[in-house]
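Worksheet: the structure to be examined is printed underneath.
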Amino acid sequence: YTSAVYKNNSELALYSAGFENCAPNQGYGPRIRPYHMIHFVTNGEGILQIDQDEFKFEAGNIFLIPADKISYYESSEKNPCTYFWANFLGIQSENYMQKFMSASKQKYILKLSEIEKFTAIITDILNWQGSPTYLYLMGNSLLLRILSYLINEITFTEKLEKTSPADDLKFYLDMHYAEKFQLRDIAEK
């Protein structure tokens, strides 16, 4: 159940996580990935290139790399960076990535006040051992914690989706299908 195909078709799933203490000028890419990436920079600085744009990041920043974008990132020569990262995918992953990117003037770089709480979660993930199902479920629980902390810390405009009367009716019927009810009950709802 923990294949990439399964994770991609899930609502939201942790794909992988890690830690990197970069050497001077250490770079990754250019590359296109099928999952979204969040890097939590704890020390140093570097550059991120996505498409034709370049962004600088430093300690206390996160940098975002959306799925299916050509990206390259490199650690500084004089002040190499250290970062933790988490990759995720799934049906709802694009929605979360868009929320994070909408909260930044630089689109792919965000400043955090307490980066340590994120890196502690990823450190926890890296120390787990257990069955694949256990690791999958625990990874997803901590991914949700990471995403919820990010949403709580950043400012973005959240659009509430309006539902149609047909959607409301379908939801009511889905929730009460086992009960006896009359057309009048449905009309009242």
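The values are calculated or read from the model by the stated rules, or taken from the named source; none is laboratory data. Everything numeric in this text was worked out from a predicted model, so none of it was measured. Virtual Cβ from ideal backbone geometry, glycine too; neighbours counted across all protein chains shown. All accessible areas refer to the heavy atoms of the entire protein, side chains included, with ligands and DNA or RNA removed. Shrake-Rupley method; radii C 1.70, N 1.55, O 1.52, S 1.80 Å.
What residues have an amide H closer than 5 Å to that of ILE70, excluding those fewer than 5 places away on the same chain, when H is modeled at 1.01 Å from N in the peptide plane?
ASP51
Mean shadow of the chain, computed from the convex hull of its alpha carbons, in nm²? Before the final figure, lay out each step's value.
On the way: hull surface 55.3 nm².
Projected over every direction and averaged, the Cα hull of the chain covers 13.8 nm².
Using a Gaussian network model on the chain with a 10 Å cutoff between Cα atoms, which of LEU110, LEU89, LEU173 fluctuates the most?
Greatest mean-square fluctuation among the candidates belongs to LEU173.
Over the chain, give the accessible area per residue in Å² for a 1.4 Å probe, as an integer.
Numbers: 11610 Å² over 189 residues.
Value returned for the chain: 61 Å² of accessible area per residue.
Under 5 Å between amide hydrogens, which residues at least 5 positions from GLN26 or on another chain qualify, with H placed 1.01 Å from N in the peptide plane?
Answer set, sorted by chain and number: SER75.
Each residue of segment 115-130 in order: what ³J(HN,Hα) in whole Hz does its phi give by Karplus 6.51 cos²θ - 1.76 cosθ + 1.60, θ = phi - 60°, with x for Gly and Pro?
Going residue by residue, I get 5, 4, 5, 6, 5, 5, 5, 5, 4, 4, 4, 5, 9, 6, 9, x Hz, with x marking Gly and Pro.
Could you sort 178-187, 121-130 so that the peptide with the highest average Cβ count within 10 Å comes first and the rest follow in order?
Numbers: 178-187: 8.5, 121-130: 13.2.
In decreasing order of mean packing, 178-187, 121-130 become 121-130, 178-187.
Helix-only estimate, please: 222 nm mean residue ellipticity of the chain, summing -39500 (n - 2.57) across DSSP H runs of length 4 or more and dividing by its residues, to the nearest 500. If you can, show how the numbers build up before the last one.
Working: 6 runs with 67 residues, N = 189.
So the calculated ellipticity at 222 nm is -11000 deg cm²/dmol.
Restricting to DSSP loop positions (anything but H, G, I, E, B) with no more than 14 other Cβ atoms inside 10 Å of their own Cβ, which trypsin sites (Lys or Arg not before Pro) remain in segment 17-96? It would help to have the intermediate numbers written out before the result.
Working: sites: ARG31, LYS56, LYS69, LYS78; in loops: LYS69, LYS78.
Sites meeting the loop and neighbour criteria: LYS78.
Quickly work out the ASP168-to-ILE91 label distance, labels modelled 7 Å from Cα along the C-beta direction, and quote it in nm with one decimal.
About 2.4 nm, to one decimal.
Pairs LYS111/LYS170; LYS99/LYS170; LYS78/LYS111; LYS56/LYS99: which exceed 31 Å Cα-Cα? Show your work: numbers first, answer last.
Values: LYS111/LYS170 42 Å; LYS99/LYS170 28 Å; LYS78/LYS111 21 Å; LYS56/LYS99 20 Å.
Violating the 31 Å limit, Cα to Cα: LYS111/LYS170.
For helix 93-102, what angle does its Cα long axis make with the longest principal axis of the chain, in degrees from 0 to 90 and rounded to 10?
For 93-102 against the chain, the angle is about 60 degrees.
Of the accessible area of the chain, with the probe set at 1.4 angstrom, what percent is carbon plus sulfur? Provide the component values of the computation, followed by the final result.
On the way: 5870 of 11610 Å².
Here it works out to 51 percent.
Between ILE154 and ALA178, what FRET efficiency follows from the Cβ-Cβ distance if R0 is 30 Å, with the result rounded to 0.05?
Details: r = 41 Å, r/R0 = 1.37.
E(calc), rounded to 0.05, equals 0.15.
Set the Förster distance to 30 Å, then compute FRET efficiency between MET101 and SER141 from the Cβ-Cβ distance, nearest 0.05. Let's see the in-between values first.
On the way: r = 24 Å, r/R0 = 0.81.
Result of the calculation: an efficiency of 0.80.
Under unit Cβ charges (Lys, Arg +1; Asp, Glu -1), what dipole magnitude, rounded to 20 debye, does the chain have relative to its Cα centre? Walk me through the intermediate numbers first.
Details: 18 positive and 23 negative charges, 25 e Å.
Rounded to the nearest 20 debye, it is 120 debye.
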